[in-house]
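Trainee: This is the structure, below, for whatever I ask next.
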Amino acid sequence: MTIEQTNVIGIASIGPESGDVFLSISDHLEWDEEGEHLLLLHNKINAYVSFVEGGEIYERSPQYAGRKIVINVTNKYPPSEQASLFFRLTQDAMGEAGIGPRHRNPTSHQSKV
């Protein structure tokens, strides 16, 4: 789901090889309004983390219980330097919550941040 809809949890899927649950965030915005963009992204990720930590994910989809949860952020545009720092810091916070972060951008097919 787009980052502009901060209170909506979008696509959830189970990885066919890993069995992990992937919660996907699609970031289609350019980085020209960096501060606003980062705030939207921060709020969207926090909503996803709350969805997992509060157990709502398991109430809605009991088949996800016992699986690793991965929040997958895909950017349409390469992240700015500040955004790259944000993704590194987010990795630590999500790791503490037991959530695997994954970040994709157009310049690198897949990067774990």
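Trainee: Please go through region 89-105 and give me each residue that is under 16 Å from G54 (Cα atoms), hydrophobic (A, V, I, L, M, F, W, C) and over 10 Å from the mean Cα position of the chain (by Cα), ordered by number.
Mentor: Scanning region 89-105 gives A93, A97.
Trainee: Does region 53-78 hold any residues that are within 30 Å of E30 (Cβ to Cβ) and either of a type in the set (K, R) or out of contact with any Lys or Arg (no Cβ under 6 Å at 6 or more places or on another chain) (or both), and which are they? Step through it out loud before you land on a result.
Mentor: So the first thing to find is which residues in region 53-78 are within 30 Å of E30 (Cβ to Cβ), and the list is 69-78.
If the condition is that a residue be within 30 Å of E30 (Cβ to Cβ) and either of a type in the set (K, R) or out of contact with any Lys or Arg (no Cβ under 6 Å at 6 or more places or on another chain) (or both), then I69, I71, V73, N75, K76, Y77, P78 are the ones that fit.
Trainee: If we keep just the residues of region 47-88 that are of a type in the set (K, R) and in contact with a strand residue (DSSP E or B) (Cβ under 8 Å, 6 or more places away or on another chain), which is surrounded by the most Cβ atoms within 10 Å (Cβ to Cβ)?
Mentor: Step one: list which residues in region 47-88 are of a type in the set (K, R), which gives 60, 67-68, 76, 88.
Subsequent filtering for residues that are in contact with a strand residue (DSSP E or B) (Cβ under 8 Å, 6 or more places away or on another chain) retains 67-68, 76.
Numbers: R67: 16, K68: 14, K76: 11.
In this case the residue turns out to be R67.
Trainee: Taking interchain pairs and intrachain pairs at least six residues apart, which have beta carbon atoms under 9 angstrom, with the first residue in region 28-44 and free of Cβ contacts under 8 Å to residues at least 24 places away in the same chain and the second in a helix (DSSP H, G or I)?
Mentor: As it stands, the answer is G35/Q82, since those pairs meet every condition given.
Trainee: Has region 36-43 got any residue that is hydrophobic (A, V, I, L, M, F, W, C), modelled with pLDDT of 90 or more and out of contact with any helix residue (DSSP H, G or I) (no Cβ under 9 Å at 6 or more places or on another chain)? Quick ask: steps written out before the conclusion?
Mentor: Of the residues in region 36-43, the ones hydrophobic (A, V, I, L, M, F, W, C) are 38-41.
If we keep only those that are modelled with pLDDT of 90 or more as well, we get 38-41.
Next, from what is left, pick out any that are out of contact with any helix residue (DSSP H, G or I) (no Cβ under 9 Å at 6 or more places or on another chain): 39-40.
There is at least one residue in region 36-43 that is hydrophobic (A, V, I, L, M, F, W, C), modelled with pLDDT of 90 or more and out of contact with any helix residue (DSSP H, G or I) (no Cβ under 9 Å at 6 or more places or on another chain).
The values are calculated or read from the model by the stated rules, or taken from the named source; none is laboratory data. Here the structure is a predicted model, which is why all the values come from computation and not from measurement. Don't worry about glycine lacking a Cβ; one is built from the backbone with ideal geometry, like all the others, and counts go over all protein chains shown.
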